[in-house]
Amino acid sequence: MSAALTQSRPLSRRSFLVAAGSTGAVISFGSIDALAATGSAGIHSFEPTAWVSIADDGVVTIMAPAAEMGQGVMTCLPAIIADEMDADWHKLKVLQSPSDGQTYGNPAQQGFLMTHGSLSVTGYWDKLRPIGAQARKVLCWNAAQMMKLPVAELTTEPGFVVHKGSKARLSYGEIARHAKLPDPLPEADKDDLKKTSEYRYLGKDVPRVDIPHKVNGSAVYGLDVILPGMLYASVLHPPVQGETAEKIDDAAAKAVKGIRQIVPLPIPLGPLGSAGGVAVIGETVEATKKAKALLQVTWSNKAAARSYDTKAVGQEYAKTAADWSQKGVDMTAFNLSHGDAAAAIAGAAKVVKADFLSEHVAHTCMEPLNATVRVDGDKIEIWAGEQSPSIMQFICAAVGKTSPANVTVHSTFMGGGFGRRDDGPEVAEALLLAKAMPGTPIKVVWSREDDIANDTFRPLVAQHFEIGLDQNNDIVGWRHRIVGASYAARALAEIFEKMGGQDIVTAGLGAELNYKLPAHTVDYVRAEGGISVGAWRGIAGGYAKFAQEQLIDEIAAIKGIDPIAFRLSLLQGQPRAQRVIETVVKMAGWGKKRANGRALGFAYSDALSGHHALAAECSVDRASGRIHVHEIWAATNPGFVLHPRNLEAQMESAIIMGLGAGLIEHVDITSGVVQQQNFDTYRVMRMSDVPPLHIEVISTDDHPTGAGEAGVPPVAPAIANAVAVLTGKRLRHLPMSPERVQAALKA
Amino acid sequence: MTTFTVNGRSVDVAAESDTPLLWVLRDDLKLTGTKFGCGIAQCGACTVHLDGVPVRSCQTTLEAAAGHEVTTIEGLSPNSSHPLQQAWIAEQVPQCGYCQSGQIMEAAAFLAKNPKPTRDDIVKAMDGHICRCGTYGRIVRAIERAAHAHGEAAANPELHKTSYTVGGRAEQ
């Protein structure tokens, strides 16, 4: 494996940044061993030099810039580069990129290392293709020199540069052995990029690179990080978010074998969500857990959340939503609002009004929050499975009073993200403890109870709609108000300010409405109760679509036309939207008579980009109020599909979460105390709960859009629409629990 | 000191006897393939074999393991060669992957006892395991695939009829 190239060109400083800035490609040649770190899958601690590195044995190492949380980005983003450069997939190694946002950041995330909002593929698509093409050009340039042939006569096959005429070939490994970097590096332009028909890996079902590690216990998650001298910490969080410890009696806790220190962590309820309390540092997880249980703490009694009761809050928000005298913020950004809906509705022949309520839901990633941090002077190192290393760098810089450049994030795999692993309270806690013991790595482990009680829940949201119809029952104006706590005010404060109080998560992305309407306005009223809210898979789509897609069915009924025909008529000039609808119509047999007691409900969604449609066949047990979802058909078109099988998996995954949020999941809070504690009281979908799912993936030559969340929004409304067919009743409250169904049946 | 066998190797552990086996495996023995998900035997992520029987290691004390044989995901096979691990890869089961060690260990014990399961048998056996990513459909397919690989050479058409169909895709 060693070669003259490696010896004469030490890797760590041999990077060559393309000054033109069009691609930011950095390519180097050298030994893979120099890049590999600990050998454990998923952990890396080295200095970056390249997006692409080619060893003299031909192994191509490609950086994966986005956070892998099961959605497949560790495979499909490197595949973009691998395809354009004609790397041999069987000689491919993928490494998680270091936390260098400047080199590896996502253009769709202001150039930061952030993975959320279903923006990875869509953001990196135009950045990574030229990088791969440029690598190919550099390989061909070198091969031309080595073979003494004109570059124009050369082409590539996986792992080889080939002379078109003589078929003489050089492997990438052979080239790497003697390669130089041309000065200046060749630019890759549009003509250098492959056509869709030329792709070898993109659009095909390549095996996911992380899966072999996930079937034998070798994948390293944040919780699995083991460092020399590492200590563990458990945190006794306040019983109600926002309280602080006033009196701490830690004598019994200190006496537990293996305990080193008890450390108060007065972290105010703020940007991180709920964090801090009293921490126990010890030699084992169990010791810290035992000691935590023995802490006697008197908590303050001043938190706003003390008067937070989800039932009362829901009623209050519903009142606000229906009261136009209470001013809201017009969601003019994100193409949500256009025209003067209020004026149109004022002149309407008929006005349809409806109110919806959706409860908090919790993330409950399978891996409870945890982080390992070591502080050395002003240098901070984090080992954790986080969605956004850039956010963790900002948090640590603020909490640790240093600069983000001094913060290194070692990204491990994570047991679920779903929007939760962006907040970083566990990282802040570990940092403060690590500062108390410089040089010692401290691993903070949250229990499942911590994880649920201190979650940043999907906001509890009340929605009010007023839709004006003319004398033909055609829509003239559509007003949508969303009332709930603000994610952006907590997590994106500067942006929230700049946008005048528009919340991109609580009332933004997910609340799009693709239908052709003369006037459509969405406004947001912020309502806070002292409970932190977060981004939950599908964000506003989960509750906005529940309402929008039911109302579309209801207006179709008023018009006396088939709900599918109605949707298609509102999507004139949108063939992609119409196609997913027509696909599901065919798949599900829309229009055919269903078995006795069953009905089909339908929903279309454009939430978070792309086009998605779903039909659910349901029945209702009137005695118990239980909804039985028998079967689901869904079609999705997120533009060009990089990895079809993976997209199917994402749809299944998101649909199952949509079923959970639609039917069973909810968080009850009484006087600020979260009532659900673990999986026995917070119920999520189990294997036996899942109906047969049929997914059709439609790939078109359009810019790829996100797919990680798209399956969530259409689930609940499709079910509600089926229930309406069966019972004539409308369900306005998520989750659609048996009690609520019974109440609707009685009404 | 407590002595027991892990993946065929005898170990002596100094932890307190009431320590959950889960943390003994992870912290004392550095076998981190077995995962912590809930601590109350509700999610299945911590599943290991105790004398071949699947148990929730979060609710199994070190004392209960004394003198017994424990098998973790790391010891299920050399080089991921167990038919279930091969099936898991072939069906591309895992997403985040965190629950999968427990799922595979449960399935391995289940198939060893019930080599020709019906789909209902599978769901009943696996229902104690939560997968937040929703890989349930592929878990079922992978178990059926492994069962078939172990079973008769002739394909059993029933086993191949899956309710979790994935539709075709339109090529451009």
Would you point out the residue of the range A:282-304, among those that are within 14 Å of another protein chain (Cβ to nearest Cβ) and touching a residue at least 60 places away in the same chain (Cβ under 8 Å), that is nearest to A:A462 (Cα to Cα)? A:K289
Kindly indicate the residue of the range A:294-326 that is charged (D, E, K, R) and either at pLDDT below 95 or within 29 Å of the chain's Cα centre (by Cα) (or both) and also farthest from A:P266 (Cα to Cα) among those meeting that condition. A:K311
Would you call A:T681 more than 19 Å from A:S605 (Cα to Cα) and hydroxyl-bearing (S, T, Y)? yes
If only one of A:R260, A:R208 is charged (D, E, K, R), touching a residue at least 24 places away in the same chain (Cβ under 8 Å) and part of a loop (DSSP other than H, G, I, E, B), which one is it? A:R208
Checking B:R141, B:R132 in turn, the sole residue that is part of a helix (DSSP H, G or I) and modelled with pLDDT of 95 or more turns out to be B:R141
Under 6 Å between Cβ atoms, which residue pairs at least 6 apart in sequence (or on different chains) link something in the range A:532-556 that is outside any loop (DSSP other than H, G, I, E, B) with a partner that is among the polar types (S, T, N, Q)? A:V533/A:T456; A:Y543/A:S358; A:K545/A:S605; A:A547/A:Q463; A:D553/A:N721
A:A279 in contact with a strand residue (DSSP E or B) (Cβ under 8 Å, 6 or more places away or on another chain), touching a residue at least 40 places away in the same chain (Cβ under 8 Å), away from every other protein chain (no Cβ under 14 Å) and buried (at least 24 other Cβ atoms within 10 Å of the Cβ): yes
Considering the range A:111-168 alone, what residues qualify as being of a type in the set (S, T, Y) and on the phi < 0 side of the Ramachandran plot? A:T115, A:S120, A:T122, A:Y124, A:T155, A:T156, A:S166
Given the residues A:L647, A:L642, which is the only one that is at pLDDT 95 or above, out of contact with any strand residue (DSSP E or B) (no Cβ under 6 Å at 6 or more places or on another chain) and within 13 Å of another protein chain (Cβ to nearest Cβ)? A:L642
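Per-residue answers, yes or no, for (1) of a type outside the set (D, E, K, R); (2) out of contact with any Asp or Glu (no Cβ under 6 Å at 6 or more places or on another chain):
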residue: A:N514; (1), (2): yes, no
residue: A:L517; (1), (2): yes, yes
residue: A:E528; (1), (2): no, yes
residue: A:I531; (1), (2): yes, yes
residue: A:A577; (1), (2): yes, yes
residue: A:E582; (1), (2): no, yes
Checking the structure you have, find out if any residue of the range A:217-240 is more than 14 Å from every other protein chain (Cβ to nearest Cβ), aliphatic (A, V, I, L, M) and part of a loop (DSSP other than H, G, I, E, B). yes
Need a quick list: helices (runs of 4 or more DSSP H) entirely within the range B:1-115 having at least 1 residues that are within 11 Å of another protein chain (Cβ to nearest Cβ) and over 30 Å from A:R683 (Cβ atoms). B:62-65, B:83-90
All but one of (1) within 27 Å of A:S411 (Cβ to Cβ); (2) of a type outside the set (K, R); (3) surrounded by fewer than 23 Cβ atoms within 10 Å (Cβ to Cβ); (4) in contact with a strand residue (DSSP E or B) (Cβ under 7 Å, 6 or more places away or on another chain) hold for B:C46; which doesn't? (3)
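When you go through A:P425, A:P518, A:P438, A:P459 one by one, which is the residue that is surrounded by fewer than 24 Cβ atoms within 10 Å (Cβ to Cβ), under 28 Å from A:V235 (Cβ atoms) and in contact with a Gly (Cβ under 8 Å, 6 or more places away or on another chain)?
A:P438
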Kindly list the number of the only condition in (1) under 30 Å from A:A436 (Cβ atoms); (2) of a type outside the set (V, I, T); (3) crowded, with 17+ Cβ neighbours inside 10 Å; (4) within 11 Å of chain B (Cβ to nearest Cβ) that fails for A:D250. (4)
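Take the range A:630-642 and flag every residue that is surrounded by 23 or more Cβ atoms within 10 Å (Cβ to Cβ) and in a strand (DSSP E or B).
A:I632, A:W633, A:A634, A:A635, A:T636, A:N637
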Looking only at the range A:671-708, count how many residues are touching a residue at least 40 places away in the same chain (Cβ under 8 Å) and within 13 Å of chain B (Cβ to nearest Cβ). 21
Report those helices (runs of 4 or more DSSP H) wholly inside the range A:98-202 carrying at least 3 residues which are in contact (Cβ under 8 Å) with a residue 24 or more places away in the chain, out of contact with any strand residue (DSSP E or B) (no Cβ under 9 Å at 6 or more places or on another chain) and closer than 30 Å to A:M392 by Cα. A:120-147
Members of the range A:582-620 that are surrounded by fewer than 16 Cβ atoms within 10 Å (Cβ to Cβ), without any contact (Cβ under 8 Å) to a residue 60 or more places away in the chain and away from chain B (no Cβ under 14 Å): A:G591, A:K592, A:K593, A:A595, A:N596
In the range A:253-264, the residues that are within 14 Å of another protein chain (Cβ to nearest Cβ) and either touching an Asp or Glu at 6+ places or on another chain (Cβ under 6 Å) or acidic (D, E) (or both): A:G258
Among the residues of the range A:178-185, is there at least one that is buried (at least 18 other Cβ atoms within 10 Å of the Cβ) and either within 22 Å of A:A649 (Cβ to Cβ) or modelled with pLDDT under 95 (or both)? yes
Evaluate the range A:488-504: report whether one residue or more is under 30 Å from A:T705 (Cα atoms), within 14 Å of chain B (Cβ to nearest Cβ) and among the aliphatic types (A, V, I, L, M). no
From the list A:A744, A:A722, A:A718, exactly one residue is more than 10 Å from every other protein chain (Cβ to nearest Cβ), part of a helix (DSSP H, G or I) and farther than 28 Å from A:S609 by Cβ. Which is it? A:A744
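The values are calculated or read from the model by the stated rules, or taken from the named source; none is laboratory data. As the structure is a prediction and not an experimental result, all values here were calculated from the model. Every residue, glycine as well, gets a Cβ built from its backbone with ideal geometry; the counts of neighbours run over all protein chains shown.
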